[in-house]
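Enquirer: Quick one: the structure is below, questions incoming.
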Amino acid sequence: MAYFEHEPLVIGGNLVVPTPVVQGGMGVGISLSGLASAVADEGGLGVISAAVVGMLQKGSDGARDNIAALKQEIRRARAKTKGVLGVNIMVALSDFSEMVKASVEEGIDVIFAGAGLPLNLPGLVGKGCKTKLVPIVSSARAVKTISKWWQEKYQYIPDAIVVEGPMAGGHLGFKREQIDNPEYQLEKLVPQIIEAVRPLEEQAGRKIPVIAAGGIFTGSDIKRFFRLGADAVQMATRFVATDECDADIEFKNAYIACKKEDIGIIQSPVGMPGRAIVNSFIHDVEQGNKHPANCPFHCITTCKQNESPYCISVALINACKGRMNGGFAFIGANGYKVNEIVPVKKLFETLAEEYQHAE
């Protein structure tokens, strides 16, 4: 099944994704087996977010449940679809290595790794591993750094590259002053990444697809980035407002109710700026009404627990479960355009129609 008049996405030379759309991994608990399997069923690449997935379970006593829960989500997704599945694992997670190994053991097709440079990723999977390794970057410089390290240490070349621009939701790989700077917009980044990938393709003797991400919302956007040379796009925000998205209905309703002026840039406890729906929880944080809590999880290596006004994991888990007064929702810059909750299949059909009619 392919929804667009475009070549399929081929990762690592032999993994074929008929519809060149990657569903972005959204944590905590927004994209699990339900959403990922539905996207994969439509010929796209469905992605499970590994971020503190074990802490979502009733009775969980923290991060030690993450590995078992991730394996369970992969198995659930596999039982629902024969399509292509991936996991998104943040490099900043304290159990990053264990998450990678567990995903490989479960035979996941692709590992996407961002929120830091995944320099040791090939060393965690073993030689001859069929799982494809795809770093998420925000600059050509990062591509060069990662590929040089991977080649020198592991004789490995990335199977694909995701380039995420500053209009994305969630944690951003940019400084605050870069987010609105035209020089860092995705339209500028994609050609730079393609240029950085060319010598790697010559060395690998195969295509290394470049996947454009961040702020891509319509079929017209998809066509625009294909024309810029991207081999596929990654979309996250638009998949939240689907029946199959794993988040609570109140989380989805926050997207439906969101206006453009409700979306803002926050400073996350993990040390990165992030784009979110600014709600009463965020206002309380900004006014200093939230106070540091004892953190039993130690889930993010970059989190300054003693200085943080709140636990990012607890806030995101609350939001995922619909308790919006105790957390908040990350969202892409175009998220205010979401106006209805639809099945994943209908979303793909709408994107295809928009793509077809785009000039």
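Enquirer: Somewhere in the range 114-137, is a residue of a type in the set (S, T, N, Q), over 25 Å from Ile300 (Cα atoms) and surrounded by 16 or more Cβ atoms within 10 Å (Cβ to Cβ)?
Expert: Within the range 114-137 (the criterion being of a type in the set (S, T, N, Q), over 25 Å from Ile300 (Cα atoms) and surrounded by 16 or more Cβ atoms within 10 Å (Cβ to Cβ)), the answer is no, since none of the residues qualifies.
Enquirer: Can you give me the number of residues within the range 82-97 that are at pLDDT 95 or above and open to solvent by 40 Å² or more (accessible area, probe 1.4 Å)?
Expert: Total satisfying the criteria: 1.
Results for (1) open to solvent by less than 50 Å² (accessible area, probe 1.4 Å); (2) not aliphatic (A, V, I, L, M), shown as yes or no for each residue.
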{"position": "Trp150", "(1), (2)": "yes, yes"}
{"position": "Asp159", "(1), (2)": "yes, yes"}
{"position": "Ala168", "(1), (2)": "yes, no"}
{"position": "Gln178", "(1), (2)": "yes, yes"}
{"position": "Leu186", "(1), (2)": "yes, no"}
{"position": "Ile194", "(1), (2)": "yes, no"}
{"position": "Glu201", "(1), (2)": "yes, yes"}
{"position": "Lys207", "(1), (2)": "no, yes"}
{"position": "Gly214", "(1), (2)": "yes, yes"}
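Enquirer: If you take the residues of the range 143-185 that are in a helix (DSSP H, G or I) and closer than 22 Å to Val10 by Cα, which of them is farthest from the chain's Cα centre (by Cα)?
Expert: Applying the first criterion (in a helix (DSSP H, G or I)) to the range 143-185 yields 143-154, 176-179, 182-184.
If we keep only those that are closer than 22 Å to Val10 by Cα as well, we get 143-144, 146-147, 150-151.
On the way: Val143: 17, Lys144: 21, Ile146: 18, Ser147: 20, Trp150: 22, Gln151: 25 Å.
So the residue we want is Gln151.
Enquirer: Do we have Ala254 as surrounded by 14 or more Cβ atoms within 10 Å (Cβ to Cβ), in a strand (DSSP E or B) and either in contact (Cβ under 8 Å) with a residue 24 or more places away in the chain or not small (Gly, Ala, Ser) (or both) here?
Expert: On the way: surrounded by 14 or more Cβ atoms within 10 Å (Cβ to Cβ): yes; in a strand (DSSP E or B): no; either in contact (Cβ under 8 Å) with a residue 24 or more places away in the chain or not small (Gly, Ala, Ser) (or both): yes.
Spelling it out, it is not the case that Ala254 is surrounded by 14 or more Cβ atoms within 10 Å (Cβ to Cβ), in a strand (DSSP E or B) and either in contact (Cβ under 8 Å) with a residue 24 or more places away in the chain or not small (Gly, Ala, Ser) (or both).
Conditions (1) of a type in the set (A, V, I, L, M, F, W, C); (2) buried (at least 23 other Cβ atoms within 10 Å of the Cβ); (3) at pLDDT below 95, marked per residue:
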residue: Pro8; (1), (2), (3): no, no, no
residue: Gly25; (1), (2), (3): no, yes, no
residue: Gly43; (1), (2), (3): no, no, no
residue: Ile48; (1), (2), (3): yes, yes, no
residue: Gln57; (1), (2), (3): no, no, yes
residue: Gly62; (1), (2), (3): no, no, yes
residue: Ala68; (1), (2), (3): yes, no, yes
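Enquirer: In addition: Among the residues of the range 216-232, write down those that are surrounded by 21 or more Cβ atoms within 10 Å (Cβ to Cβ) and in a loop (DSSP other than H, G, I, E, B).
Expert: Across the range 216-232, the qualifying residues are Ile216, Ala230, Asp231.
The values are calculated or read from the model by the stated rules, or taken from the named source; none is laboratory data. Please read all numbers here as calculations on a predicted model, not as lab measurements. As a convention, Cβ positions derive from the backbone with ideal geometry for all residues, glycine included, and neighbour counts pool all protein chains shown. Accessible surface is based on the protein model in full, side chains and every heavy atom, while ligands, DNA and RNA are left aside. Shrake-Rupley method; radii C 1.70, N 1.55, O 1.52, S 1.80 Å.
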